[in-house]
Amino acid sequence: MSTVADNKPAEEPDFQKMTLDTFMKMSDDERSKLSATARKKWIKLEKKAQDKSRKEEEARERAAAENAARLERAKQIKIELDLSLPPAKQLKIRDLSKYVDQRVKIYGWVHHLRTDGKKLWFIDLRDGTGFAQIVLTGEMCMTYEAATLYREAAIAVYGKWVKDEKGRAQGTFPGYELAADFWELVGPSCADIDMLFTKDSNPDILMNQRHLVLRGSKASSVMRMRSIITHCFREHFFDRGYTELSPPTLVNTQCEGGSTLFNFNYFEDDGYLTQSSQLYLETGIAAVNDCFCILPSYRAEKSQTRRHLAEFHHIEAERPFITFEDLLETIEDLVCDVIDRVGKKMESDMDTFLRASGGKPIPKLERPFLRMTYEDAVKYCREHGIYKDPETKEHFEFGDDIPEKPERQMTDEINRPIMLIKFPASLKSFYMQKCDDDKRLTESVDLLLPGVGEVVGGSMRMWDMDELMEAYKKEGMDPAPYYWFTDQRKYGTCPHGGYGLGLERFICALLGIHHIRDACLYPRYRGRIAP
Ligand code: 4AD
């Protein structure tokens with residue numbers, strides 16, 4: 001018995017599966033093998049598609065011609081600065097509020113542009129000190145520069161800073177706007193600016209475009225906050241009588257173990273990027289007493305986590321003639337005082353801060369900080385179902401390193417700052433002073449903050465020469481390149497201690513930023529060295 005299918009030409013494709021695109025790509029020979037009905041149907045569809053694409057092409061050509069004509073017309077329109085008007089004082093946006101009803105000139109970048117008809121434009125202008133609504137009217141909206149004005153162009157605007165009658169103007173001074181009488185283009189932008197990324201683009205795209213992302217209100221607020229926070233650290237140190245020193249960051253010694261050292265060819269020698277300025281800072285105490293530095297440190301961290309960078313800014317301090325208890329109080333004083341200072345500086349700019357932090361106010365930290373020994377942390381983990389290996393439910397034992405994840409889980413559960421103290425010597429760096437009452441332990445401290453985890457690492461420093469020589473040996477370190485560090489123990493040694501605070505982690509804790517890369521201008525982590 002024959003079927004309909006049997007009557008089709010043998011090579012005829014399955015109509016259900018064939019697409020118009022497949023048909024349009026077929027040669028005449030291939031088409032001739034289709035049944036007459038099918039060929040007719042596909043030819044009709046092909047013609048329809050061709051008509052549509054021709055119409056689209058014509059529309060594009062018409063639009064291009066209209067645009068060219070519009071630009072030609074725009075070229076004929078010239079606006080001029082009216083010299084009979086009162087002189088305009090050049091200002092930054094942040095200072096505008098003092099100049100209501102006066103004629104001013106401001107420079108900035110077009111943050112946002114909206115048109116309300118051909119002859120009424122609103123520009124949100126940004127100059128990095130604030131945002132101001134600009135109103136352009138009449139021919140000011142019709143020049144060639146206006147027709148080719150895109151977001152991020154740099155412009156200069158002259159006009160009167162006035163109350164916005166409709167009260168709709170946003171920006172740094174809501175309810176006020178600049179009624180422009182003249183404007184000029186300083187540096188044009190390009191039409192592709194809106195296609196480069198959106199705020200929801202994936203992090204890699206956003207990092208590739210970091211130089212432009214930084215202009216956004218959130219990223220620029222974080223950078224401004226970072227500057228304020230850094231300033232508050234300096235204020236704290238100067239207020240407490242510290243001297244700022246600048247140790248080298250190209251070094252030939254390690255400080256925090258070989259596994260995270262970046263090495264490079266330093267002319268004829270081997271060099272490292274410093275992991276910490278601590279060893280050099282220690283040599284400063286006999287020169288200037290309490291001292292600090294704010295410099296980059298480098299770690300070749302293999303793992304990519306939301307709190308690890310390859311380059312971070314390290315706030316480090318050293319103090320002579322102190323006890324371990326003094327050190328703990330010093331760290332507590334630093335963190336609380338800096339948070340207070342930041343809070344006070346931000347009082348007048350709280351809106352910007354809240355925008356940057358995603359609405360979280362600066363946390364108030366309860367003093368004194370909880371102090372917990374390493375031994376008690378192991379006990380806490382055992383009693384609260386925080387496992388060394390969650391799969392096998394293996395418990396932590398004394399001597400185990402408590403890695404980042406369980407440490408953060410414990411901190412988040414306790415939900416207040418924890419000073420984790422007295423770590424076993426086997427887990428810590430060679431230079432740490434041992435506890436008098438238990439030589440297995442060190443006079444060491446990590447400050448853990450909820451949400452971020454470890455923000456500060458510090459310790460008392462080994463100050464006995466023989467003990468230090470023994471420590472080099474135990475770590476398999478050649479003491480020769482450390483002669484200047486060892487000499488501190490030879491010429492007037494003394495008990496001393498210090499700490500290092502990761503600026504970016506601190507910023508994350510303070511502003512509620514989830515990922516550390518967002519606290520940096522141009523973050524460096526594995527896989528990212530540009531831009
Ligand atoms: O605990 P760490 O490794 O201590 C030291 O480097 C000491 N030499 C500091 C000193 O006593 N002067 O690092 C101190 C702090 C950490 O608590 C953390 O905040 C930050 O530096 N840190 C990092 N931040 C971002 N990315 C990394 N890869 C970091 N490694 C350390």
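Rounded to the nearest 500, the 222 nm mean residue ellipticity of the chain from helices alone is -10500 deg cm²/dmol, with -39,500 (n - 2.57) taken per DSSP H run of at least 4 residues.
Projecting label points 7 angstrom from Cα along Cα→Cβ for ALA156 and SER426 puts them 7.1 nm apart. Test of understanding: what is the full-extension gain from ARG382 to GLU80, defined as 0.36 nm times their sequence separation minus their Cα-Cα distance? Length difference between fully extended and current span is 101.0 nm. One decimal place: the segment GLU413-ASP192 gains 74.8 nm when fully extended, by the rule 0.36 nm per residue minus the C-alpha distance. Normalised by 2.2 N^0.38 Å, where N counts its residues, the alpha-carbon radius of gyration of the chain equals 1.39.
So if we plug the beta-carbon distance of ASP270 and GLU184 into 1/(1 + (r/R0)^6) with R0 = 56 Å, what FRET efficiency do we get, rounded to 0.05? Provide the component values of the computation, followed by the final result.
Working: r = 55 Å, r/R0 = 0.99.
With a Förster radius of 56 Å, E is 0.50.
Model label points for LYS119 and ALA69, set 7 angstrom from Cα along the Cα-to-Cβ axis, are 2.1 nm apart. Between the C-alpha center of the range 463-513 and that of the range 106-124 there is a gap of 56 Å.
Using the count of nearby Cβ atoms within 10 Å as a rough guide to exposure, how do SER189, SER297 rank from fewest to most? Numbers along the way, then the final one.
Details: SER189 17, SER297 23.
With the fewest neighbours first, SER189, SER297 line up as SER189, SER297.
Taking 0.36 nm per residue of sequence separation and removing the Cα-Cα distance, the GLU235/MET24 pair yields an extension gain of 68.7 nm. In the structure shown, the pairs LYS25/LYS47; LYS119/LYS160; LYS98/LYS344; LYS388/LYS473; LYS75/LYS119; LYS439/LYS474 are assessed against 20 Å; a Cα-Cα span above that value is assigned to LYS98/LYS344; LYS388/LYS473. Working from label points 7 Å from Cα in the Cα-to-Cβ sense, the GLN304 to ARG367 distance is 4.1 nm.
Please sort 257-268, 461-472 by packing, taking for each peptide the average over its residues of neighbouring beta carbons within 10 angstrom, highest first. Don't jump to the answer; show the numbers that get you there.
Values: 257-268: 11.3, 461-472: 16.4.
Top of the packing list down: 461-472, 257-268.
Under the rule a/c < 1.5 gives rounded, and otherwise a/b versus b/c splits prolate from oblate, where does the range 189-264 land using the Cα gyration tensor? The shape class here is oblate.
Using a Förster distance of 30 Å, how high is the FRET efficiency between LEU250 and ARG215, based on the Cβ-Cβ distance and rounded to 0.05?
Numbers: r = 33 Å, r/R0 = 1.09.
Approximately 0.40, to the nearest 0.05.
Based on the Cβ-Cβ distance from MET223 to HIS514, what FRET efficiency comes out when R0 is 22 Å, to the nearest 0.05? Before the final figure, lay out each step's value.
Values: r = 17 Å, r/R0 = 0.77.
After rounding, the FRET efficiency stands at 0.85.
Distances longer than 18 Å among the Cα atoms of the range 63-139: what percent of all pairs is that?
Numbers: 1686 of 2926 pairs.
Everything past 18 Å amounts to 58 percent.
How large is the convex hull of the C-alpha atoms of the range 207-519 per residue, in Å³?
Working: hull volume 47.5 nm³, N = 313.
Dividing the Cα hull volume of the range 207-519 by its residue count gives 152 Å³.
Translational diffusion coefficient of the range 89-193 at 10 °C, 1.306 mPa s, Stokes-Einstein with Kirkwood Rh over Cα pairs, in µm²/s as a whole number.
Values: Rh = 13.4 Å.
So the translational diffusion coefficient is about 118 µm²/s.
Values quoted throughout were computed directly from the atomic coordinates according to the rules given, and no laboratory measurement underlies them. Bear in mind that the values here come from a model prediction, so they are computed numbers and not experimental data. For neighbour counting, all protein chains shown are included, and Cβ atoms are generated from backbone atoms with ideal geometry for every residue, glycine included.
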